[in-house]
Amino acid sequence: MRGTRLLRLRTVPVLGLLAGLLLSLGMTAAPGAAAAPQATPVRVMPLGDSITGSPGCWRAVLWNRLLDAGHTDIDFVGTLREQGCAQAHDGDNEGHGGELVTNVADRDLLPGRLAATRPDIVVMHFGTNDVWSAVPPDRILAAYTELVAQMRASNPDMRVIVAQLIPMNPTGCTACAGRVADFNARIPAWAEATSTSRSPVTVVDQWTGFDTATDTYDGVHPNDAGDRKIAARWFPALSAVLDAGVPGGPGDPGEGEPSCTAAFRAVSTWQGGYQAEVTVRNTSTAPLARWTVTVAPADGARVTQVWNGTLTAADGTATVTGASWNGALAPGASATFGLIATAPAAATAPAAAVGCTAVAAP
């Protein structure tokens, strides 16, 4: 049985090493000699709504599968406790029934939960209530971006594993099935634009092969069969992250590289165009000298005008750099620029893939 390689270790004092040597020889260390510290388990936060937390028994299945595979140095964390599953497991989680991910972002609910639990890895299945409530995909993805920025402010080395949502077909929402499929199709491009080498974002397909007729008890929440399917999809992705290892510990700034995120939000639309804004956030632990954002509008739209930034237009993709008054950002700070885009008459709701690069301040 192999132990997981993902450990967070503190530096062992010289006196601690001496104490360990003396003990191995049957001798007693001098008074005041420090003992060697123990390895700290890797902290994994399951984040989401009732599918994750009420009772979210896929977490129990996943926990035991990880232990059986040798990943024994892990700790599931969250401000909520186990809610009644049939097998023993670490039930701590952050799955709040009924929550919308957009509300969590708008009300800044996540930072306090992160501070209380200090995760190294976040496993997130979040947005079902938003889709059910017909929240536009670009708003949900903007909330995702905000949450990831808050995770990185908590721990710059955060590993984020995000699900393409399981299907849903609840009574009274005939459009929900299609909305989930449409939203899931947007997640891979968002993840690619949001991922960084220091804090990668991994997508797990929880949608394909999941049947609401056989894998849920109400068209939304998983039954026993659904729990097993969800755990089986999480396992290889989480196991791979555990095997690869995470440098540093919670909140350890390290050296790292300058990083930023960008979030697109439509403001208003009209025939042939729309107005939108993009929020840029410094997700590194050092000040940024400047940021650059790429905006690739969907459905053939083109960015024609920008304010609070400098626009360089290209075929289908616009590049925007910060203005003199908002290009430099302190750690955790954000700036916003606005844009106007023209769009074909047949275009759907405004959407764009956005990415951000940054240069550290000298």
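Run the accessible area of the chain with a 1.4 Å probe and give the carbon-and-sulfur part as a rounded percent.
It is 55 percent, rounded to a whole number.
Please report the relative contact order for region 84-209, taking Cα pairs under 8 Å with a sequence separation of at least 6, and give it as a percent rounded to a whole number.
27
Students often check this: by mean Cβ neighbours within 10 Å, which of 172-178, 305-311, 147-153 ranks highest, and how do the rest follow?
Numbers: 172-178: 12.9, 305-311: 16.7, 147-153: 23.9.
Put in order of decreasing packing, that is 147-153, 305-311, 172-178.
Quote the relative contact order of region 48-106 in percent (integer), defining contacts as alpha-carbon pairs under 8 Å separated by 6+ residues.
In percent, rounded to a whole number, it is 49.
Mind checking the angle between helix 176-194 and the chain's longest principal axis? C-alpha axes, 0 to 90 degrees, to the nearest 10.
Helix 176-194 and the main axis of the chain meet at about 70 degrees.
Around residue 92, which amide H atoms from residues at least 5 apart in sequence, or from another chain, sit under 5 Å from its own amide H, with H modelled in the peptide plane?
The answer is 82.
Give the peptides 348-359, 44-55 in descending order of average Cβ contacts within 10 Å, highest first.
Top to bottom by mean Cβ count within 10 Å: 44-55, 348-359.
Please compute the contact order of the chain in relative form: average sequence separation of alpha-carbon pairs under 8 Å and at least six residues apart, divided by the residue count, as a percent. The partial results should precede the final answer.
Details: 806 pairs, mean separation 54.4, N = 362.
About 15 percent, as a whole number.
The values are calculated or read from the model by the stated rules, or taken from the named source; none is laboratory data. Quick caveat, the model's predicted, so the values are computed rather than measured. Note that each Cβ is placed from the backbone with ideal geometry, even for glycine, and that neighbours are counted across all protein chains shown. Side chains included, ligands, DNA and RNA excluded: accessible areas come from the protein's heavy atoms. Shrake-Rupley method; radii C 1.70, N 1.55, O 1.52, S 1.80 Å.
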